[in-house]
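The values are calculated or read from the model by the stated rules, or taken from the named source; none is laboratory data. Being a predicted model, the structure only gives us computed values, none of them experimental. For neighbour counting, all protein chains shown are included, and Cβ atoms are generated from backbone atoms with ideal geometry for every residue, glycine included. Heads up: the accessible areas ignore ligands, DNA and RNA and are worked out on the full protein's heavy atoms, side chains in. Shrake-Rupley method; radii C 1.70, N 1.55, O 1.52, S 1.80 Å.
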Amino acid sequence: MSSMNPNKALWEKGDFTRIAETMRESGEALVQRLGITKGMKVLDLGCGDGTTALPAAKLGAEVLGVDIAHNLVEAGNKRAAKRGLTNLKFQEGDASNLEQLPDKNFDLVISVFGAMFAPKPFDVAKEMVRVTRPGGRIVMGNWIPNDPTLVAQILKISSSYTPPPPEGFVSPMTWGVEGNVIERFAAAGVPAEKISFARDTFIFNFSGTPSGFVDEFRKYYGPTMNAFEAAEKNGRSAELQKELEELFNRQNKGTGVTSIPATFLRVTVAV
Ligand SMILES: C[S@@+](CC[C@H](N)C(=O)[O-])C[C@H]1O[C@@H](n2cnc3c(N)ncnc32)[C@H](O)[C@@H]1O
């Protein structure tokens with residue numbers, strides 16, 4: 001369904017649950033390392049269908065997942081219901097404007113490859129800080145521009161086939177640059193000393209071939225779907241397909257199945 005908000009339309013276009021299915025192990029492993037305890041109040045921003053929200057709830061936290069895509073919120077609530085997790089709720093919202101959420105409410109705000117995709121990054125930083133209680137933490141996972149691993153390269157290749165974004169558009173990948181992160185949180189009142197950075201890895205596990213995994217992105221991942229639509233208009237879709245297949249094959253570490261590691265920047269902010 002089309003939408004007036006291009007950011008929302010991008011993520012409602014496909015079915016990100018298909019990609020998320022390949023990210024569950026790494027999502028769970030990351031959450032295990034966050035020191036989540038029973039009763040902790042957790043917000044997962046740009047949560048998708050709950051790759052990190054669901055394991056956080058299994059650890060006993062009170063979890064709210066917020067995502068701009070209606071279909072992913074619905075998928076998340078179905079997953080929570082199926083597992084009987086009454087401490088996990090998903091609702092629609094925009095990371096650039098969390099007006100429905102009160103100040104100083106959460107012990108932990110997680111956003112793994114989520115809030116980075118929202119427009120207005122300074123507003124996003126401000127909102128994340130606003131809803132975190134003093135003494136609480138924000139943990140972001142952000143893809144790194146020009147990194148040689150999978151997702152940065154998919155997004156780079158996809159954007160080279162897509163028409164240039166409108167004037168003033170800030171690339172989501174800028175969240176993978178430490179200087180930008182520091183500047184955005186500084187504007188939200190958090191000094192650089194309270195921010196720490198680490199390189200981390202997510203592994204995508206797909207029970208098929210690397211080319212089969214490319215097909216999943218082509219059919220279900222908004223940014224890649226848009227790239228193929230644009231490439232088709234210019235007769236370049238075979239070229240795009242080939243470039244992605246080469247990338248996925250090159251990066252694959254699995255045999256018989258597809259297993260592809262991708263590097264990201266983990267940002268921890270003490271509020
Ligand atoms: C790459 S997916 C990651 C989803 C999930 N965090 C995971 O790791 O599986 C990006 C998510 O961010 C959401 N998103 C994009 N822009 C957003 C915004 N402005 N506010 C809230 N969520 C947003 C998308 O709908 C999508 O679910």
Quiz item: Using beta carbons and a limit of 6 Å, which pairs, at least six apart or on different chains, have the first residue in the range 24-49 and touching a residue at least 40 places away in the same chain (Cβ under 8 Å) and more than 15 Å from the ligand (Cβ to nearest atom) and the second one part of a strand (DSSP E or B) and not hydroxyl-bearing (Ser, Thr, Tyr)?
Solution: Met40/Asp107; Lys41/Glu62; Lys41/Phe106; Lys41/Asp107
Quiz item: Has the range 168-175 got at least one residue that is at pLDDT below 95, more than 15 Å from the ligand (Cβ to nearest atom) and open to solvent by 20 Å² or more (accessible area, probe 1.4 Å)?
Solution: yes
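State which residue is surrounded by the fewest Cβ atoms within 10 Å (Cβ to Cβ) when the search covers only the range 70-84 and only residues that are of a type in the set (A, V, I, L, M, F, W, C) and farther than 23 Å from Thr132 by Cα. Before you say what the answer is, go through the steps one by one.
Going through the range 70-84, the residues of a type in the set (A, V, I, L, M, F, W, C) turn out to be 72-73, 75, 80-81.
With the extra rule that they be farther than 23 Å from Thr132 by Cα, the set shrinks to 72, 75, 80-81.
Numbers: Leu72: 24, Ala75: 20, Ala80: 22, Ala81: 11.
So the residue we want is Ala81.
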Quiz prompt | Of the criteria (1) within 8 Å of the ligand (Cβ to nearest atom); (2) part of a loop (DSSP other than H, G, I, E, B), which one Lys8 fails | solution = (2)
Practice problem: Taking only the range 178-196 into account, find how many residues are within 18 Å of the chain's Cα centre (by Cα) and open to solvent by 60 Å² or more (accessible area, probe 1.4 Å). | Solution: 1
Exercise. Output the number of the condition that Asn146 fails; it satisfies all remaining conditions of (1) within 15 Å of the ligand (Cβ to nearest atom); (2) surrounded by fewer than 17 Cβ atoms within 10 Å (Cβ to Cβ).
Key: (1)
Quiz item: Does Val129 meet the test of being away from the ligand (no atom under 13 Å from the Cβ), within 24 Å of Arg199 (Cα to Cα) and outside any loop (DSSP other than H, G, I, E, B)?
Solution: yes
Quiz item: List, please: which pairs have Cβ atoms under 8 Å, are six or more places apart or on different chains, and start with a residue in the range 70-90 that is more than 13 Å from Thr51 (Cα to Cα) and end with one that is among the acidic types (Asp, Glu)?
Solution: His70/Glu12; His70/Glu92; Asn71/Glu12; Asn71/Asp15; Asn87/Glu62
